[in-house]
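Reviewing the structure listed below.
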Amino acid sequence: MHIHCIPAGPLATNAYLITDSGRGEALLVDAPHGVWEDIEPILQRENCRLVALLITHGHWDHTGDAARIQNLGVPLYAHEADRLFIEHPEVMGMFTIPGITLEPARLVHPVAQGDHLHLLGMRIEVRHVPGHCPGNVLFYFAALDAAFVGDALFNGGIGRYDLPGGSLEMLERSIRTQIYTLPANTAVYPGHGPETTVGDEMASNPYVPA
Ligand SMILES: [Zn+2]
């Protein structure tokens, strides 16, 4: 099992490609603009078929290639609360950058707090972590000691809470009740910037002390 971190798009949004060459399967967490060009050669090299696209939240910089990948027949999973952003990305048009195109995708597989997905032979827990975006979820892979958290928590930082549907109080509660309750050794893979761990953020995150 390999976790490839692939920053892509105009905001260097992290996509994560998890490949399992033994099974010949891979899944992708988030789909920034242009990421398909980066992951296609990896899929070919590792002889993997993409079986799922997990969207942490519906902001445009995480969904730029979502429609394109979905149109290849890859199922898209995201939280119901971000259906509007995913299916009508133009509503966030004022927060994009000039020249960017926004292709609507379709939310066919909504996920919610406490759901478990079974992909690549692993059990993946869904936790709802709103505050940055109403439908931000994290995907926790106990078998990998890894959580993909979108823009809820960063290495030494937290997500913006001034965007539509955001709330600092909600974000703090999400981080404390849904992220800081994961095992301390869990690797935290954020939507931007370097990875961290639950334990490191609990010990030193300046915005949300444990
Ligand atoms: Zn975001």
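The values are calculated or read from the model by the stated rules, or taken from the named source; none is laboratory data. Keep in mind the model is a prediction, meaning the values are calculated, not measured. In this analysis, Cβ positions are derived from the backbone assuming ideal geometry, glycine residues included, and neighbour counts consider all displayed protein chains.
Residues are listed down the side, and each one gets a yes or a no for (1) touching an Asp or Glu at 6+ places or on another chain (Cβ under 9 Å); (2) of a type in the set (S, T, Y); (3) without any contact (Cβ under 8 Å) to a residue 12 or more places away in the chain; (4) farther than 14 Å from P75 by Cβ:
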site	(1), (2), (3), (4)
M92	no, no, no, yes
T96	yes, yes, no, yes
L102	yes, no, no, yes
A105	yes, no, no, no
P110	yes, no, no, no
L117	yes, no, no, no
E125	yes, no, no, yes
P134	yes, no, no, yes
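Flag set for T101, criterion: away from the ligand (no atom under 13 Å from the Cβ) and among the hydroxyl-bearing types (S, T, Y). The test for being at negative phi, buried (at least 23 other Cβ atoms within 10 Å of the Cβ) and not in a helix (DSSP H, G or I) does not hold for T101. Considering the stretch 67-98, and only residues there that are in a loop (DSSP other than H, G, I, E, B) and over 21 Å from L119 (Cα atoms), the residue that is modelled with the highest pLDDT turns out to be H88.
In the stretch 26-40 there is at least one residue matching the filter, namely being within 15 Å of the ligand (Cβ to nearest atom) and either of a type in the set (D, E, K, R) or more than 24 Å from E195 (Cβ to Cβ) (or both).
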